[in-house]
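Quick one: the structure is below, and I'll ask about it shortly.
The values are calculated or read from the model by the stated rules, or taken from the named source; none is laboratory data. Keep in mind it's a predicted model, so treat the numbers as computed, not measured. Note that we place each Cβ from the backbone using ideal geometry, even for glycine, and neighbour counts take in every protein chain shown. Areas reflect the complete protein model, heavy atoms only, side chains present, ligands, DNA and RNA absent. Shrake-Rupley method; radii C 1.70, N 1.55, O 1.52, S 1.80 Å.
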Amino acid sequence: TVGLAVGVAFLADAAIMIAQSSIDALFFARYGADKLPVLYVVVGVAMFATTVGVARLLARFGRERTFVVILVAICLTALAARAALEAPADWVYGVLWVIQSVAEFTGVLAIWGLAGLISDTRQAKRFFPLIAAGGVVGLVGGGLATGPLAGALGSENLLLVWAGLIGGAAVLAWRLVLRA
């Protein structure tokens, strides 16, 4: 059970790192840093709306389903974002930057929400460092893999890697929920 939670943290954090690196590169190359002040405000509003949405999901579906649904939603959003990059519109990169920021927030929420499902307070002292270590290894691995993957696939196609990794995390999360 703990191994599944470590796997979720590893895959989700690797996905976060690859997504953040590729989307930042695309954003700065094609949209521009001068748009960041406005986008930080947009991210703040989006985070508020996302928090309200997650609270509603938790109330309606419970923790187990909600945390899996968050990961699936991020996967589907990454696929839709990759498709949107085919549009000849520069504003897509700004929207993508906001989406990635919100996805990072909700992905971390899902990782630690799932971790909370499998342990009580006493167990958390032992399990949480292992889960966090899985996440750290995922961040480092994702960071190291980003350059070679970008060279081989292109920055735009790293969104497909993001979707694949977060989709894998969703599968592991579902298995974890079935065991918990």
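Measure off, as a whole percent, the carbon and sulfur share of the 1.4 Å-probe accessible area of region 38-101, all protein chains present.
On the way: 2590 of 3660 Å².
On region 38-101, the fraction of accessible area on carbon and sulfur atoms equals 71 percent.
Work out, step by step, the length gained on full extension between Arg63 and Leu178: first 0.36 nm times the residue separation, then minus their alpha carbon distance; give nm to one decimal.
Difference between extended and current length: 40.2 nm.
Considering the convex hull of the alpha carbon atoms of region 83-156, report its projected area averaged over all viewing directions, in nm², one decimal.
Working: hull surface 25.4 nm².
Its Cα hull, projected and averaged over all orientations, spans 6.3 nm².
So if each residue of separation counts as 0.36 nm, and I subtract the Cα-Cα distance between Leu153 and Ala80, what length gain in nm does that give? Before the final figure, lay out the partial values.
Numbers: separation 73, 0.36 × 73 = 26.28 nm, distance 1.77 nm.
Result: 24.5 nm gained on full extension.
Let me ask something else about it. Mind checking the full-extension length gain between Leu160 and Leu144? Use 0.36 nm per residue of separation minus the Cα-Cα distance, one decimal, nm. Could the numbers behind the result be given before it?
Numbers: separation 16, 0.36 × 16 = 5.76 nm, distance 1.72 nm.
Gain on stretching Leu160 to Leu144: 4.0 nm.
Provide the convex hull volume over Cα atoms per residue for the chain, in Å³. Mind dumping the intermediate values first?
Details: hull volume 20.0 nm³, N = 180.
Spelled out: Cα convex hull of the chain, divided by residues, is 111 Å³.
Provide the per residue accessible area, probe 1.4 Å, for region 1-114, rounded to a whole number of square angstrom. Display every interim value, and only then the final one.
Numbers: 5480 Å² over 114 residues.
I get 48 Å² per residue for this part.
If you don't mind, there's one more thing I want to ask. Please compute the modelled spin-label separation between Leu36 and Arg56, points set 7 Å along Cα→Cβ, answer in nm with one decimal.
3.3
Within region 102-134, which residues have the backbone N less than 16 Å from the label spot 7 Å out from Val45 along Cα→beta-carbon, could you tell me?
Inside the label zone: 102.
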